[in-house]
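A quick write-up on the structure given underneath.
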Amino acid sequence: MRVPFSWIKEYVAWEGNTVEEMAEVLTMSGTEVEGIHWVGAPRDPENLARFVVGKVLTKEKHPNADKLNLCTVEVGEGNGGVRQIVCGAHNFEAGATVPVSLSGAVLENGLKLRKANLRGVESDGMILSEQELGYEQKSPGIAVLPDEWTVGAPLQDYLPVSEAVLELELTSNRPDCFSIYGIAREVAAAARVELAPPPVAPPAAFGGAPAAEVVQVEIADPDLCPRYGATVVRGVTIEDSPAWLKARLTHAGMRPINNVVDVTNYVMLAYGQPLHAFDAGKIRGGKLIVRRASAGERIVTLDGVQRTLDDEMLVIADVERPLVIAGVFGSQDAEIDEHTTDLVLEAATFSGPSILRTELHTGIRSEASNRFEKGIDPNLVPGALDFADRLFAELCGGTVAPGMVDAGGAPPAPAPLRYRPARADALLGYEVPSAEQAGILRRLECEIYESDAGGWTVTPPTFRPDLTREVDLIEEVGRIAGYGRAPETLPRHATAGALTVPQQVRRAVRRALAGCGLHEVITYTFIGPDALAPLGLPEGDVRLDPVRLSNPMSVEQSVMRTMLLPGLLKAVKDNIDKLNDPPNLFEIGNVYLWDEPVPAPEHAAEPGAMLPSEPEALAIVLSGPIGSDEWTGAGRPTDFYTLKGCVDRLLSSVGLTADYAPLGEEAARFPYLHPGKSARVSAHPAGDLGVLGQVRPDVAAAYGIEDQAVYTASLSMDRIAPAALRTTAFEDLGAYPPATQDLAVVVSRDVPAAAVVEQSRRAGGKLVRSVRVFDVYEGDQVPADKRSLALRVVMRSPERTLNDKDISGVRAKIIKALEREFQATLR
């Protein structure tokens, strides 16, 4: 939000203090100042002194140019008295009060004025237009000022020729700060300076029939509009706004339109209450109805676009048709135009979630809807209407109809809160005297009543919906008193920091996979409802029942993920589409499943409501070369065994040994994996960890990855962590040498190699340190339905050197066990 410094100063006593000091006050009290921008002409005093108020004494045609005027302009004795200026505008006459820049001035656009000879006539200075002052993108003529402004006075005294603008980053829980007066209230409270009353204008002229006789208001859906106020202004003239109003709007980031629209925007910026002006003559039946739209109802908005509404959108309608998408955008049917003379002015309070939903569905977001979506104080309605009516009378020549139509009325007062000053000191960690605490709360417009010796009863103001608990009030006291008052102390029970076991496991897994050449990514938690469709998961699978968002940003992000794989496949596709090398990725993150729902905690919005489980998962996707055999060569192509090696590496990094087995009957749960290139992963004592394999080519193609083999693994971090990083007992491995035996056994093709390895390890007993397969042979030398597995058995004793008897005994046990279990034979 852009906030002109001079505008804030109208409401707080800030004379003599700089904009930088105000920025510091706001920042230290919790309102983030992103920057300070200077707009307009260069701000040095010497340059600003060259912008003055002038009066045109004479205006004659230029003797040598039909489209130019030769003027004499009084600019004050201290500025050289009368100056001759050539001007090309025609919207003024002699006697007009005008802004003048003297020779030597540097304008807003960087142009430096010098005395010039224009068609044989000297021109000393410039009569300025609003474009040259920076208030308009284009002006048809010069700016004409009020006659009561003092000739020769610095123009900066009346108009912001140069001005500081604060750029604020406001949070959505502080709707009261989305106005100049709200920011001024914050400055006054934090800086302990006086706050002026809310914005007001000179009294308006009242006349004619009361507003209630001109327009009626009916709220058909009070859940979406608790309060709606309307006033009537007759006899307005639509024209340009004065220069001071254009300056205010422009420096606050809004574009001037005309005096009616500009007044509504000015009041919104100053007061915080959005307004909407209807052409009273276009309201059919003399009645405004606040209702939900009918499904399929259409409206042509001010941008000329016909929009189709649904029955969850709120509209302001007359007896025949919708006139406004409530709080978001007006329509052409009740638009203010050059023929408008009578106005109906609206100020209302709309449901924030309803406005936000309408914004998302229509794609329209405005300054007004931005405020409505955060929640507007209903008590702003009367004051904003009165302020606007006064400005309409002053700037548009209108007569205000007596009274206000107020449907819904004022809301009930906020619930009082118990507040204990001693509790505030305890939570803040430093003492703030009770009198100071009371002063802070009163400056924030809270009402305080002493209820007992130990505490007060505090009623927050209606414009602070975020103050609902005692701790909220304590936070206000802390930020206004200043967190800098907190003493610098060490924690009472200082302990050395350390990672938890799950954190250590994550770090080890990340390092292991990064060492394999993979890149970690973070994909969106929100996905589209059809993101899993290409995987072909079986009907009834819990992964097909995602958690649905009640307020999604888009259909593509309307449910929460139940698997990490779709996000990784999308990342692969995006890289390939951008002509990058196919990436090798991994992600550690939560998925959201309804398999084991858990009740919401007591402090949740809906205590006891069932929430999905959030298991932590790990997913790997390999799609391209995974490294280089040599520094000048290309990377190695990835395959199933590359993926298996990555899984082996990550599990060994946390002290686990991977076991692999065919999916068997469980293959139906993973139809997206190639049936001949997939396996289940487990590890002792973690148990079943997940699956790995090649993504079927047709599934990869459905995700936009064609002519590219993709391999994936999906593992459970929740099962890895409890079994990982176990403390191992010390064993002296250097005292006695190991002994190695190689065996080649012939087994049936359907016997898993992992089962052969495990059986060999068990049969060999305590002397066996490891068993691994180092070769597989299938060919003419073994039967067609069998294969040969070459096993390397490593043996060692911690007590002695093994002899031939020990080694042959272990070998015999292994062979006998394999013959018994798998009908294996030695090759």
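The values are calculated or read from the model by the stated rules, or taken from the named source; none is laboratory data. All values reported here derive from a predicted model rather than from experimental measurement. Cβ: placed from backbone, ideal geometry, glycine included. Neighbour counts: every protein chain shown. Keep in mind that these areas ignore ligands, DNA and RNA; they rest on the heavy atoms of the full protein, side chains included. Shrake-Rupley method; radii C 1.70, N 1.55, O 1.52, S 1.80 Å.
Could you tell me whether V771 is surrounded by fewer than 14 Cβ atoms within 10 Å (Cβ to Cβ), under 25 Å from R649 (Cα atoms) and of a type in the set (V, I, T)?
For V771, the condition - surrounded by fewer than 14 Cβ atoms within 10 Å (Cβ to Cβ), under 25 Å from R649 (Cα atoms) and of a type in the set (V, I, T) - is not met.
Return yes or no: is E77 without any contact (Cβ under 8 Å) to a residue 12 or more places away in the chain and either among the basic types (K, R) or out of contact with any strand residue (DSSP E or B) (no Cβ under 8 Å at 6 or more places or on another chain) (or both)?
On the way: without any contact (Cβ under 8 Å) to a residue 12 or more places away in the chain: no; either among the basic types (K, R) or out of contact with any strand residue (DSSP E or B) (no Cβ under 8 Å at 6 or more places or on another chain) (or both): yes.
Spelling it out, it is not the case that E77 is without any contact (Cβ under 8 Å) to a residue 12 or more places away in the chain and either among the basic types (K, R) or out of contact with any strand residue (DSSP E or B) (no Cβ under 8 Å at 6 or more places or on another chain) (or both).
So how many residues does region 96-115 have that are open to solvent by 40 Å² or more (accessible area, probe 1.4 Å) and either among the aliphatic types (A, V, I, L, M) or in contact (Cβ under 8 Å) with a residue 12 or more places away in the chain (or both)?
Taking region 96-115 and keeping what is open to solvent by 40 Å² or more (accessible area, probe 1.4 Å), we get 108-112, 114-115.
The next check asks that each one be either among the aliphatic types (A, V, I, L, M) or in contact (Cβ under 8 Å) with a residue 12 or more places away in the chain (or both); those that pass are 108-109, 111, 115.
Count: 4.
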Report task. Would you tally the residues in region 343-361 being surrounded by 20 or more Cβ atoms within 10 Å (Cβ to Cβ), out of contact with any Asp or Glu (no Cβ under 6 Å at 6 or more places or on another chain) and outside any strand (DSSP E or B)? Result -> 5
Query raised in the report: V25 is checked against (1) in a strand (DSSP E or B); (2) open to solvent by 20 Å² or more (accessible area, probe 1.4 Å); (3) farther than 14 Å from V161 by Cβ; (4) not acidic (D, E) and fails just one. What number does that condition carry?
Result: (1)
Query raised in the report: Taking V509, is it outside any loop (DSSP other than H, G, I, E, B), open to solvent by less than 80 Å² (accessible area, probe 1.4 Å), modelled with pLDDT of 95 or more and not polar (S, T, N, Q)?
Result: yes
Report task. Please tell me if G627 is small (G, A, S), surrounded by 10 or more Cβ atoms within 10 Å (Cβ to Cβ), modelled with pLDDT under 90 and within 21 Å of V710 (Cα to Cα). Result -> yes
Report summary line: Of the residues in region 191-219 that are open to solvent by less than 50 Å² (accessible area, probe 1.4 Å) and either touching a Cys at 6+ places or on another chain (Cβ under 8 Å) or among the small types (G, A, S) (or both), the one that is farthest from V400 (Cα to Cα) is A191
Query raised in the report: Taking the condition closer than 18 Å to A49 by Cβ, crowded, with 18+ Cβ neighbours inside 10 Å and in contact (Cβ under 8 Å) with a residue 60 or more places away in the chain, does A143 pass?
Result: no
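Are any residues in region 231-242 surrounded by fewer than 24 Cβ atoms within 10 Å (Cβ to Cβ) and either part of a strand (DSSP E or B) or not acidic (D, E) (or both), and if so, which ones? Outline the logic, then answer.
So in region 231-242, the residues surrounded by fewer than 24 Cβ atoms within 10 Å (Cβ to Cβ) come out as 234-240, 242.
Hits for region 231-242 are R234, G235, V236, T237, I238, P242.
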Query raised in the report: Name the residues in region 426-457 that are touching a helix residue (DSSP H, G or I) at 6+ places or on another chain (Cβ under 6 Å), under 21 Å from A415 (Cβ atoms) and not in a helix (DSSP H, G or I), would you?
Result: L444, I448
Query raised in the report: Counting just the residues of region 693-749 that are touching a Lys or Arg at 6+ places or on another chain (Cβ under 7 Å) and farther than 30 Å from S788 by Cβ, which one comes out least open to solvent (accessible area, probe 1.4 Å)?
Result: I705
Query raised in the report: Is region 273-288 home to any residue that is assigned to a helix (DSSP H, G or I) and either hydrophobic (A, V, I, L, M, F, W, C) or buried (at least 16 other Cβ atoms within 10 Å of the Cβ) (or both)?
Result: yes
Report task. Looking only at region 817-826, count how many residues are open to solvent by 80 Å² or more (accessible area, probe 1.4 Å), out of contact with any strand residue (DSSP E or B) (no Cβ under 7 Å at 6 or more places or on another chain) and touching a residue at least 40 places away in the same chain (Cβ under 8 Å). Result -> 2
Report task. Check region 363-380 and report whether any residue there is of a type outside the set (F, W, Y), in contact with a strand residue (DSSP E or B) (Cβ under 7 Å, 6 or more places away or on another chain), surrounded by fewer than 22 Cβ atoms within 10 Å (Cβ to Cβ) and assigned to a helix (DSSP H, G or I). Result -> no
Report task. Starting from residues that are open to solvent by less than 10 Å² (accessible area, probe 1.4 Å) and under 13 Å from S748 (Cα atoms), keep the ones in region 783-794 and report whichever is farthest from the chain's Cα centre (by Cα). Result -> S788
Requested in this report: Check E132, E93, E122 and return the single one that is open to solvent by 10 Å² or more (accessible area, probe 1.4 Å) and more than 15 Å from N69 (Cβ to Cβ).
Outcome: E132
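What number of residues within region 437-458 satisfy the criterion of being of a type in the set (D, E, K, R) and surrounded by 14 or more Cβ atoms within 10 Å (Cβ to Cβ)? Step through it out loud before you land on a result.
Taking region 437-458 first, the residues of a type in the set (D, E, K, R) are 442-443, 445, 447, 450, 452.
Right, trim to surrounded by 14 or more Cβ atoms within 10 Å (Cβ to Cβ) and you get 443, 445, 447.
Counting residues in region 437-458 that are of a type in the set (D, E, K, R) and surrounded by 14 or more Cβ atoms within 10 Å (Cβ to Cβ) gives 3.
Does V165 meet the test of being touching a residue at least 40 places away in the same chain (Cβ under 8 Å), closer than 22 Å to V39 by Cα, open to solvent by less than 40 Å² (accessible area, probe 1.4 Å) and among the β-branched types (V, I, T)? Don't jump to the end; show me each part of the working.
Values: touching a residue at least 40 places away in the same chain (Cβ under 8 Å): yes; closer than 22 Å to V39 by Cα: yes; open to solvent by less than 40 Å² (accessible area, probe 1.4 Å): yes; among the β-branched types (V, I, T): yes.
Yes: the conditions hold for V165.
Looking for whichever is assigned to a loop (DSSP other than H, G, I, E, B), over 30 Å from R298 (Cα atoms) and in contact (Cβ under 8 Å) with a residue 60 or more places away in the chain here; the options are A393, A388, A410. Which one fits?
Testing whether each residue is assigned to a loop (DSSP other than H, G, I, E, B), over 30 Å from R298 (Cα atoms) and in contact (Cβ under 8 Å) with a residue 60 or more places away in the chain leaves just A410.
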Requested in this report: Return a yes/no flag: does region 168-182 have any residue that is crowded, with 20+ Cβ neighbours inside 10 Å and within 17 Å of G76 (Cα to Cα).
Outcome: no
Report summary line: Counting only residues that are open to solvent by less than 60 Å² (accessible area, probe 1.4 Å), farther than 16 Å from P242 by Cα and in a loop (DSSP other than H, G, I, E, B), region 146-162 contains a total of 3
Query raised in the report: Which condition number does P552 fail, the rest of (1) part of a helix (DSSP H, G or I); (2) surrounded by fewer than 17 Cβ atoms within 10 Å (Cβ to Cβ); (3) in contact with a Ser or Thr (Cβ under 6 Å, 6 or more places away or on another chain); (4) not polar (S, T, N, Q) being met?
Result: (1)
Query raised in the report: For G383, which of the numbered conditions (1) in a loop (DSSP other than H, G, I, E, B); (2) touching a Phe, Trp or Tyr at 6+ places or on another chain (Cβ under 8 Å); (3) surrounded by fewer than 21 Cβ atoms within 10 Å (Cβ to Cβ) fails to hold?
Result: (1)
Requested in this report: Give the residue, chosen from A295, A209, A270, that is touching a Pro at 6+ places or on another chain (Cβ under 9 Å), in a loop (DSSP other than H, G, I, E, B) and hydrophobic (A, V, I, L, M, F, W, C).
Outcome: A209
**Report entry** Residue in region 799-816 that is least open to solvent (accessible area, probe 1.4 Å), counting only those that are part of a loop (DSSP other than H, G, I, E, B) and not basic (K, R)
**Finding:** L802
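Among the residues of region 411-434, write down those that are closer than 30 Å to L490 by Cα, of a type in the set (G, A, S) and open to solvent by 40 Å² or more (accessible area, probe 1.4 Å). Spell out how you get there, then give the answer.
Initial filter on region 411-434 (closer than 30 Å to L490 by Cα): 419-434.
Going one step further and asking which of them are of a type in the set (G, A, S), we end up with 422, 424, 426, 429, 434.
A422, A426, G429, S434, listed by residue number.
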